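Single-structure report; data block below.
The values are calculated or read from the model by the stated rules, or taken from the named source; none is laboratory data. The model shown is predicted, which means the values in this text are computed figures rather than measured ones. Backbone-built Cβ (ideal geometry, glycine too); neighbour counts: all protein chains shown. For the accessible areas, the whole protein counts, side chains as well, though only heavy atoms, and no ligand, DNA or RNA atoms are used. Shrake-Rupley method; radii C 1.70, N 1.55, O 1.52, S 1.80 Å.
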Amino acid sequence: MKRAIHFVLLPFLSLLLYSYAHEAFDVRQHFSTVTRYGAAKGIADNSIIASNIPDGCTPIHINLVARHGTRSPTKKRIKELDNLEAHLEVLLRDAQELKLSLQKVPSWIQGWKSPWKGKLKGGELISKGEEELYDLGIRIREKFPDLFNEEYHPDVYVIRATQIPRASASAVAFGMGLFIGTGSLGPGRHRAFAVTSESRASDLLLRFYESCENYKDFRKKQEPDVGKRKEPILDEITSSLVSRYMLNFTRQDTSSLWFLCKQMRFTSFCNYHAGFPIWQEASLLDITDQACSLFTPSEISLLEWTDDLELFMLKGYGKSLNYQMGVPLLQDVLEAMEQAIKAQEEKHAPGSYEKARLRFAHAETVVPFSCLLGLFREGSGFQQIQEEKSLEPPPKPPQQRNWRGSVVAPFAGNNMLVLYNCQANSSSKYFVQVLHNEDPIPLPGCDSDFCPFELFKENIVDPHLKSNYNQVCMVKGETPERKPSMASKLFWLFSLGNDGKQTHKDEL
């Protein structure tokens, strides 16, 4: 009788334990910059209380700096997964030759094939990424109807993107959502709209890192050091995997398996293997994989931290140069606000001035811009940012940290700066509200997400304007080469080719 009770209770207790673990730890929120926008939106900071916009305040302009949506693995990463497939075969063969038991080896590893095997190109925006930006466009129009009540004109609603196809395609998807129902094309009443792209060689607003020689030198020298910082974590987890599954995994295997976990977009359901909860992933290619289930939650948190550390050191607060080179973008945002204020003060006619400047780029753009605003720093580091000094790396788990790639720059991650006209306010007529991933976020130097424009300019923008891009980015003694601008306006309706050439770096 007791044994029968045990058999009844064990599945019930397992279900309870899984339910608790699933609520407390959602692996989908721990993929750093490979996190999908929907999962990132679920990482809420409940301590932030949004300001109530005072009565009589109306939005008059919006600046958007957004990352492209979810993309497929790049060509370099596809090759890495091909190598993983080959090495897993070798590990299994070696184990069989040594007559080792394979009982602890998850069944999916045996005969696993990379879902991207044979794919010659990568990095393109996928359907989920299109949906992320399309839905974002719809939500922004619904949130700020007064900003988008004008007849469309490319000088009123300015849309810019880098020449990298996934960014341009993201701009197209966003525009389709933003302007849906305002045209006369097809059942959805779509309309054509313009997306402006600058040549890669001269795009200092959205691809400032591409022309910054000092940054490229720094990154080349810093990458090996970042790799060494990650090695102890990878070695520790590799040792655990070897003990757990009795296969002679290498550090590179661990890194590749973690990447595979991040690439398999999935819905979770319960299973167990050797006492560990299994997240079974249904990928976009409709292939079931269990890469994430190889790791415990604590191991996933550590692997996430290694990704976040790399983001911090190479693109974030780890080096002031990382964000100093983004000052041209900050200046462009300020210029757009000042032009909107001028139009209000001079009472320009509706439809004759810009109401939105919408930009689509990469993590290498969004992360430095977030740093310039002073977001997601640890502790009281705002003065160091104003003085353009580097900050200390984020603390390692289990300590809590503000710097998480899944929040700072997930796929479709964005910063919106909304300018308000508050005519009834006696202290300041114009205010700036910053929203990160659509949620209001307090600005350091303002202690609020609703900041007087003069204070925003004085405390957030002006301290960075002492940085001259050419002085920051050019090697000492070198005269910057001025390449001709090749800005081109591209008129889009539904889609954009994604077969552009890859740059020498694996961009996010």
Original post:
Accessible area of Glu213, 1.4 Å probe, to the nearest 10 Å²?
Top reply: 60 Å²
Original post:
In whole Å, what is the distance between the alpha-carbon centres of region 334-355 and region 126-164?
Top reply: 19 Å
Original post:
How high is the relative contact order of region 120-201, in percent, with contacts defined as C-alpha pairs under 8 Å that are six or more residues apart?
Top reply: 36 percent
Subject >> trypsin sites (Lys or Arg not before Pro) within region 150-237, DSSP loop, no more than 13 other Cβ atoms inside 10 Å >> reply: Arg189
Original post:
How do His153, His436 rank by accessible surface area computed with a 1.4 Å probe, from largest to smallest?
Top reply: His153, His436
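Given a 1.4 Å probe and every protein chain left where it sits, what share in percent of the accessible area of region 41-140 is carbon and sulfur?
With neighbouring chains kept in place, the figure for region 41-140 is 51 percent.
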Subject >> Under 5 Å, built H, 5+ apart or other chain: amide partners of Arg401 >> reply: none
Original post:
Near the amide H of Ala361, under 5 Å away, which other amide H atoms are found, from residues 5 or more places off or on another chain, if H is placed in the peptide plane?
Top reply: Ala66, Arg67, His68
**OP:** Would you mind classifying region 364-410 by shape? Square roots of the alpha carbon gyration tensor eigenvalues, ordered a ≥ b ≥ c; an a/c under 1.5 is rounded, otherwise it is prolate if a/b is larger than b/c and oblate if not.
**Re:** oblate
Original post:
Rank Arg377, Arg357 by accessible area, highest first, at a 1.4 Å probe radius?
Top reply: Arg377, Arg357
Subject >> Arg139, Arg36, reordered so the largest accessible area comes first (probe 1.4 Å) >> reply: Arg139, Arg36
**OP:** Name all residues of region 237-267 having a backbone nitrogen under 20 Å from the label point set 7 Å from the Cα of Leu100 along its Cα→Cβ direction, giving them as ranges.
**Re:** 237-258
**OP:** Rounded to whole Hz and in sequence order, give me ³J(HN,Hα) for region 363-371 from the Karplus expression 6.51 cos²θ - 1.76 cosθ + 1.60, θ = phi - 60°, writing x for Gly and Pro.
**Re:** 4, 5, 9, 5, 5, x, 5, 4, 5
Subject >> Quarter of the Cα convex hull surface for region 43-110, i.e. its orientation-mean projected area (nm²) >> reply: 10.2 nm²
Original post:
Going by a ≥ b ≥ c, the root eigenvalues of the Cα gyration tensor, does region 77-128 fall in the rounded group (a/c under 1.5), the prolate group (a/b larger than b/c) or the oblate group?
Top reply: prolate
Original post:
Arg251: net charge of surrounding residues, Cβ under 11 Å, Lys/Arg +1, Asp/Glu -1, itself excluded?
Top reply: -3
**OP:** Return the FRET efficiency for the residue pair Gln386, His348: r is the Cβ-Cβ distance, R0 is 30 Å, and the value is rounded to the nearest 0.05.
**Re:** 0.30
**OP:** Set the Förster distance to 56 Å, then compute FRET efficiency between Thr182 and Lys220 from the Cβ-Cβ distance, nearest 0.05.
**Re:** 0.75
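In terms of the Cα gyration tensor, with a ≥ b ≥ c the square roots of its eigenvalues, is region 281-409 rounded because a/c is under 1.5, prolate because a/b exceeds b/c, or oblate?
Working: a/c = 3.31, a/b = 1.64, b/c = 2.02.
Oblate, since a/c reaches 1.5 and b/c is not below a/b.
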Subject >> Point-to-point label distance, Thr196-Glu458, nm (Cα→Cβ direction, 7 Å offset) >> reply: 3.2 nm
Original post:
Please identify the GluC sites (Glu not before Pro) of region 62-153 that satisfy two criteria: DSSP loop assignment and at most 12 other Cβ atoms within 10 Å. Which are they?
Top reply: Glu151
Original post:
On average, how much area does the Cα convex hull of region 167-241 cover when viewed from any direction, in nm²?
Top reply: 9.5 nm²
**OP:** Quick one: which residues, 5+ away or cross-chain, put their amide H under 5 Å from the amide H of Ser448? H built at 1.01 Å from N.
**Re:** Leu443
**OP:** Report, in whole Å, the centroid distance computed from the Cα atoms of region 358-389 and region 75-123.
**Re:** 39 Å
